[in-house]
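What follows draws every value from the coordinates through simple rules; no lab data is involved. The structure presented is a predicted model; accordingly, all values stated were derived computationally and were not measured.
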Amino acid sequence: MKILVLNSGSSSIKFQLLVMPQETVMAVGLIDRIGSPKSVLKFESNGKKITREIEILDHDTGVSIIVETLKNPELNIIQSVDEISGVGHRVVHGGEWFNSSVVLSDDVVQKLSQCCELAPLHNPANIKGIMSAQNLLPHTTQCAAFDTAFHQTMPSKAFMYAIPYAYYENFKIRKYGFHGISHQYVSQEAAKLANIPYSEAKIIVCHLGNGASISAVKHGKSIDTTMGLTPLEGLMMGTRSGDLDVGAACYIMRKENLSVDQIDTLFNKKSGLSGVSGFSSDMRDIQNAAADGNERAQLALDMFAYRVKKYIGSYAAAMGGVDAIAFTGGIGENSKILRAKILQDFDFLGISLHETANNTAHGDTIISTDSSRVKAMVIETNEEIIIARDTYNLIQKNTV
Ligand code: ADP
């Protein structure tokens, strides 16, 4: 069965076509700069790579170009759209409504629209992608997989904020958490690599990319995570501040007479690695500059690692121990410097880093010593597989 996975952003659509249940990837690609006369289509299949510059003004055109490319006889991927049985959409916010992936219906789309207020940058774009795919591939079963769903197992003591309860009752103000599809995939793979049944394992997943979050996954369920009502809470990120005293926000707003939108931009787009270093949100630049003696880059690096370390400690406490710590995302998968910095002096918790394994890690790798009680590892995230699996399973269930 062929499943198309779509990840629609405000100006981009990432896609993969997979054969399920074999999980074979037939094609993978990206449409970037939607809305500009110089949009870009990047496409890879059977070792062939295509990059084309074309005008793609909206998501409808984007999805139709993806479908046309898949049908291109020269690429020999599919002959007809009828071969695609399902479309799995990545959706950022499912609020409290969805604790797992679902088949899309008018009612579901209506609920996603209501979540737009909670994810104004993401959900409207996700919905555009859904509408386009529904128009262009009406014969397919369309499903949604949510970034928030995996974290819906958090207990109320973890997801509630200590503010007047009416804000939860009236506006659903609480911690939701994000990157859930990645945390789910990586925690499952981590349990396999550590050779512990998923239902018995205590795993800390560090998803460190431009956006970064950590989750505590106990016995297959997320019991806490660092991102909150929005993806701003928790770790220091590329351009986001992560945790800070709300009092600091009030103080800066008063001092500089900033509007709500201005303070929102300050903490979401001008803070984090970028704000502290003063020159880049990219961890590679920060590492290089720190190595050249740039003090602010060194400070940004130290702060980033320290916050990850603190959350690992606190999640080990929350779970009553930890069996495995998994690193993923652009930084987690690629930065041996950060991983070593985060894991140093963790002997008291039973973590001992294998330096050579850490320095040469490629793909899913254990980076702790054989005698380390806690297994540290690198796991390459694969959100598309989870979306394709869920879509496949929902189609199977619906046709029984
Ligand atoms: P996003 O959240 O946008 O998906 P990614 O997961 O792609 O982000 O991660 C991007 C981050 O990964 C950037 O900060 C980038 O510098 C960092 N990164 C990628 N490769 C390396 C590397 N070899 N060493 C250190 N950082 C890296």
Query raised in the report: Among the aspartates and glutamates, which fall within straight-line cross-link reach of Lys309, defined as a Cα-Cα distance under 12 Å, with same-chain neighbours fewer than 8 residues apart omitted?
Result: Asp345
Query - Inter-part distance where the stretch 225-265 and the stretch 78-117 are each reduced to a Cα centre, Å - result: 30 Å
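For the pairs Lys14/Lys270; Lys71/Lys111; Lys310/Lys336; Lys2/Lys111; Lys14/Lys48; Lys42/Lys128, note any where the Cα-Cα span goes beyond 24 Å.
Those over the limit are Lys14/Lys270; Lys71/Lys111; Lys2/Lys111.
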**Report entry** Difference of contour (0.36 nm per residue) and Cα-Cα distance, Lys270 to Val103
**Finding:** 56.3 nm
Query raised in the report: How big is the convex hull of the Cα atoms of the chain, per residue, in Å³?
Result: 164 Å³
**Report entry** Kyte-Doolittle mean at least -1.0, axial Cα span of 15 Å or more - DSSP H helices of the chain
**Finding:** 59-71, 123-136, 180-194, 246-256, 295-319, 383-399
Query - Gain in span if fully extended, Ile163 to Asn195, counting 0.36 nm per residue against the direct Cα distance - result: 7.4 nm
